[in-house]
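The values are calculated or read from the model by the stated rules, or taken from the named source; none is laboratory data. Everything quoted here is computed from the prediction, not taken from an experiment. Ideal geometry is used to build each Cβ from the backbone, glycine not excepted, and the neighbour counts take in all protein chains shown.
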Amino acid sequence: MTPIPRPPEPRRVLLVSERADFYGGGQRSLLDLATILAEAGARPVVVLSGRGPLGDALVRAGIAVRHIPLPPARPAHGMAAMRAARALASLARTEGIAILHSDAPRAALYAGLAARLAGRAHVWHLRASSGGRPLADRLLVRLSDRIIAVSLAAARRSAALRRARHVRVVPTGIRPPDVLDRRTARALLDLPQDPVVIGVVGRVEPDKGGDDALAVLAGLRDAAPGTVLAFLGAADREAPWPMTLRLRAAALGVLDGVRFAGERPEAARLLRAFDLILHPSRHEALPRVLIEAAHAAVPAVAYAVGGVPEVIEDGVTGLLAPARDIAALGGAALRLATDAGLRRDLGRAAARRAADRFSLEAMGRAVLEVHRDAAGATQGAGGAGGRARRAA
């Protein structure tokens, strides 16, 4: 791997996030980004809205953390919102920050306002391909000197983003996980050693398509007897969805083949417990789990939604099915479940592509280039947002 060159004049970066937990891949990617920027000499400071495991992990990595509450952007919170924006601007001045880098819409709003107040540059890191409101995207485009989209799907999610000329696609990069061998990983997850095991990795919630995964398992049982479907991810105890999945599995007659492994901090290291990853999500900008699986040489079957086709090259590094086409998804899963040679070939190809396209070092170099560009644009346009307003 090629190390990231240190910038001639390291620019201090303030990374602003509205969450302090590891709700999804975005928070793990923020930790990775802070680490790689620190290695490049950018001396990042991370602002979190509260305390939690993300902050603890950042501190362990030697990253400076500050806490500033970022209230919801509603009229009732108007005064608190202004105080938060001013606090961010003051921190940027005190710490000698050149770039405010946000990772979600609420964080982008506050970072964009603070950048204007402090005369700094703002980079919005767009990690979602759906859910954006047109008016909100228009505002955030104008409050951003540069926008990093994790995928083409994210960059095209709204008319405002499609029109903007200051958007750059930078795929998420990770360090290859230190994966455990199949036998050890299965033992840790309490999974049987011999049968085909299919993994569904991520939060157990409706948008992740667990119901479709159960339907796929039901279709596999005749052709691949003993196949196990394992859900590896957090399941909210207050939510009805995990129980709904258990009831559906019972109704389909496959409950004996379903496992709920729960949330594991070391989930990426356990991926070789699975013969293949099944990813029936309804929408995705650029799913981190598919990148982790590719680095681990574990092939995946997924719906071709959002940025998923930007990770999986159909028939080369994995298999894709049209969105919500359960029959096609099941057919693709059956091909992999019954063909160990195909699983091996696709997994190896996925690992080669991941090393080339989804490395943490490549992402770090690209982000530093965007930061340099944003800082230059801000200096030349008289403050945050100037260049962006013309570009939009």
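Quick one: how many residues across the range 213-236 are over 20 Å from residue 193 (Cα atoms) and of a type in the set (A, V, I, L, M, F, W, C)?
Number of matching residues: 7.
Which of the helices (runs of 4 or more DSSP H) contained wholly in the range 149-240 include at least 2 residues that are under 28 Å from residue 21 (Cβ atoms) and either among the acidic types (Asp, Glu) or modelled with pLDDT of 95 or more (or both)?
Values: elements: 152-155, 159-163, 182-188, 210-220.
Per the criteria, 152-155, 182-188, 210-220.
Test residue 137 against the criterion of being in contact with a helix residue (DSSP H, G or I) (Cβ under 6 Å, 6 or more places away or on another chain) and more than 21 Å from residue 31 (Cα to Cα), and give yes or no. Before you say what the answer is, go through the steps one by one.
Details: in contact with a helix residue (DSSP H, G or I) (Cβ under 6 Å, 6 or more places away or on another chain): yes; more than 21 Å from residue 31 (Cα to Cα): yes.
Yes; evaluated as a whole, the condition is true for this residue.
Which of the residues belonging to the range 358-376 are among the small types (Gly, Ala, Ser) and either touching a strand residue (DSSP E or B) at 6+ places or on another chain (Cβ under 9 Å) or surrounded by fewer than 20 Cβ atoms within 10 Å (Cβ to Cβ) (or both)?
So the first thing to find is which residues in the range 358-376 are among the small types (Gly, Ala, Ser), and the list is 359, 362, 364, 366, 374-376.
Across the range 358-376, the qualifying residues are 359, 362, 366, 374, 375, 376.
When residue 253 is evaluated against the numbered criteria (1) surrounded by 15 or more Cβ atoms within 10 Å (Cβ to Cβ); (2) among the small types (Gly, Ala, Ser); (3) more than 20 Å from residue 299 (Cβ to Cβ), which criterion, by number, is the only one it fails?
The one condition residue 253 does not meet is (1).
Looking at the range 346-359, I want the residues that are more than 15 Å from residue 171 (Cβ to Cβ) and have a partner that is at pLDDT 95 or above and hydroxyl-bearing (Ser, Thr, Tyr) with Cβ atoms under 7 Å, at least 6 apart or on another chain. Which pairs are those?
Close Cβ pairs (under 7 Å, with a partner that is at pLDDT 95 or above and hydroxyl-bearing (Ser, Thr, Tyr)) amount to 346/317; 349/317.
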